[in-house]
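Visitor: Structure incoming, see below.
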Amino acid sequence: MPHLLTILSRAASEPDMETGGLVPSIQFSTTFQRNPDGTYPKGYHYTRDGNPTRNQLERALIEIEGGSACRAFASGLAASNAVLQALPHDSQIVIPDDVYHGFRRLVDEEFVPRGMNVQSVDMSEPDQVLDAVSPKTVLIWVETPSNPLLKITDIRSIADIAEKIGAVLVVDGTWATPYLQKPFELGADIVIHSLTKYIAGHSDVLGGAVVAKKNDTFFQRIAAIQMAAGAVLDPFSSWLTMRGMRTLGIRLEHQCRTAGLIASFLEGHARVAQVHYPGLPSHRGHSTARTQMEKFGAMLSFQLKGGAEEATRVAAGSMIFMRATSLGGTESLIEHRASMEGPTSPTPTSLLRLSIGLEHPDDLIGDLTQALDRSSDR
Ligand SMILES: *Cc1c(COP(=O)(O)O)cnc(C)c1O
């Protein structure tokens, strides 16, 4: 098997059958002509059901994740929604207490009112999961590293619990990406991604994916929901995602290295109360991260001694970091997460979240240095 960096560098390179072109062509057609006998020449008949460009992306995602089936969705949350919809309405599920806030809203507003029974626990403590599950639990949802405290969940331990009770284990792999973490090798059944983030990687595509270890009846139910409801990824976004994927590995090599340098810099800074980065030996999930991740990722957060006011001033004073939500693009971002998540957010107000991009590490550290110095001058 070649290295993942090699596989990624030519992701989705199935030379175009008509022309020999190395880069996928884009099939924008929504409809496909039938043969005189009513059959379809290549099996395609309507793009909601199947599209050659989207299917090519799905094959590439299967290859890099190591699964056997995939559907690309219009967003990460559309992918998550289809997984939840595939369950009976009154299902019992267990999710992390610090799950991605958009997923929490989806569950609370759209599934709990229809009868879903949802337990939230600290997934970084497998004992809490063990206490929360019952023989009626049908699904356990893991997100690691978590947002925005970068808590690490031991996927293998949760997979053992899921297996014991016959529940499906879903891992949201958005933050780690298949380049850094392989949930199927650790016992997951389903991996979901927001392609919007690292995989497409340029802050210009909204997309999601469900990848399944086995093409079983549960996955087929998810695929049927996508076909029936239509939350598919469009051909151009599929193509942009394939283009982005080819540099996923090399982007992350640089981004993870820079994130490590920035985490160490912040940990040594007098105005910083705490840094949350799994690559730091001081991080509670460091040893688990070491065993299940190739590198520690390019997301981190930190808390200011001066609380919410100082956090706001540091974000305001940054010149290279851009003040925006989201992550995984080429540009570094700084975000006051609590105000983005709104009044019900459990995120500390003294916290700033960083998404590390492709800039030179010295420039990013210089930017944080001046923003921290300026904020303390006031
Ligand atoms: C962004 C994100 C999502 C949602 O993805 P969209 O593409 O914005 O719908 C889900 N999970 C995680 C961890 C995310 O960061």
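The values are calculated or read from the model by the stated rules, or taken from the named source; none is laboratory data. Here the structure is a predicted model, which is why all the values come from computation and not from measurement. Quick reminder, even Gly has a Cβ in these numbers, built from the backbone with ideal geometry, and neighbours come from all protein chains shown.
Visitor: Just to be sure, is ALA223 away from the ligand (no atom under 16 Å from the Cβ), closer than 30 Å to ASP16 by Cα, surrounded by 23 or more Cβ atoms within 10 Å (Cβ to Cβ) and at pLDDT 95 or above?
Guide: Details: away from the ligand (no atom under 16 Å from the Cβ): yes; closer than 30 Å to ASP16 by Cα: yes; surrounded by 23 or more Cβ atoms within 10 Å (Cβ to Cβ): no; at pLDDT 95 or above: yes.
No; evaluated as a whole, the condition is false for this residue.
Visitor: Can you pull out the residues in region 46-67 that are in a helix (DSSP H, G or I) and hydroxyl-bearing (Ser, Thr, Tyr)? Please lay out each step first, then the result.
Guide: Of the residues in region 46-67, the ones in a helix (DSSP H, G or I) are 52-65.
Across region 46-67, the qualifying residue is only THR53.
Visitor: Suppose we keep only residues that are under 27 Å from GLY357 (Cβ atoms) and in contact with an Asp or Glu (Cβ under 8 Å, 6 or more places away or on another chain) within region 195-214. Which one would you say is nearest to the ligand (Cβ to nearest atom)?
Guide: For region 195-214, the residue satisfying everything is ALA209.
Visitor: Sticking with this structure for a sec: Could you identify the single residue in SER134, SER194, SER120 that is under 22 Å from THR330 (Cα atoms) and either surrounded by fewer than 24 Cβ atoms within 10 Å (Cβ to Cβ) or in contact with a strand residue (DSSP E or B) (Cβ under 6 Å, 6 or more places away or on another chain) (or both)?
Guide: Working: SER134 fails: under 22 Å from THR330 (Cα atoms); SER120 fails: under 22 Å from THR330 (Cα atoms).
SER194 is the lone residue from the list that is under 22 Å from THR330 (Cα atoms) and either surrounded by fewer than 24 Cβ atoms within 10 Å (Cβ to Cβ) or in contact with a strand residue (DSSP E or B) (Cβ under 6 Å, 6 or more places away or on another chain) (or both).
Visitor: Name the single residue, out of those in region 105-146 being more than 16 Å from the ligand (Cβ to nearest atom) and without any contact (Cβ under 8 Å) to a residue 24 or more places away in the chain, that is nearest to GLN292 (Cα to Cα).
Guide: Result: GLU125.
Visitor: With the structure loaded, tell me whether ALA231 is more than 19 Å from PRO145 (Cβ to Cβ) and within 14 Å of the ligand (Cβ to nearest atom) or whether it fails that test. Give the derivation first.
Guide: Numbers: more than 19 Å from PRO145 (Cβ to Cβ): yes; within 14 Å of the ligand (Cβ to nearest atom): yes.
Yes: the conditions hold for ALA231.
Visitor: Can you give me the number of residues within region 153-175 that are acidic (Asp, Glu) and in a loop (DSSP other than H, G, I, E, B)?
Guide: Final tally of qualifying residues: 1.
Visitor: Filtering region 176-194 down to residues that are touching a Phe, Trp or Tyr at 6+ places or on another chain (Cβ under 8 Å) and not in a helix (DSSP H, G or I), which residue is nearest to the ligand (Cβ to nearest atom)?
Guide: VAL191
Visitor: For residues that are touching a residue at least 40 places away in the same chain (Cβ under 8 Å) and either among the acidic types (Asp, Glu) or part of a loop (DSSP other than H, G, I, E, B) (or both), tally how many sit in region 6-22.
Guide: Number satisfying all stated conditions: 4.
Visitor: If we keep just the residues of region 71-94 that are over 28 Å from PRO235 (Cβ atoms) and touching a helix residue (DSSP H, G or I) at 6+ places or on another chain (Cβ under 7 Å), which is modelled with the lowest pLDDT?
Guide: Applying the first criterion (over 28 Å from PRO235 (Cβ atoms)) to region 71-94 yields 87-94.
Of the ones still in play, those that are also touching a helix residue (DSSP H, G or I) at 6+ places or on another chain (Cβ under 7 Å) are 89, 94.
Values: HIS89: 94, VAL94: 98.
Only one residue tops the list, namely HIS89.
Visitor: Additional query: Within region 133-157, which residues are more than 14 Å from the chain's Cα centre (by Cα) and under 19 Å from VAL107 (Cα atoms)?
Guide: VAL133, LYS136, THR137, VAL138, LEU139, ILE140
Visitor: Only one of GLY76, GLY102, GLY67 is within 16 Å of the ligand (Cβ to nearest atom) and surrounded by 19 or more Cβ atoms within 10 Å (Cβ to Cβ). Can you tell me which?
Guide: On the way: GLY102 fails: surrounded by 19 or more Cβ atoms within 10 Å (Cβ to Cβ); GLY67 fails: within 16 Å of the ligand (Cβ to nearest atom).
After applying the criteria, what remains is GLY76.
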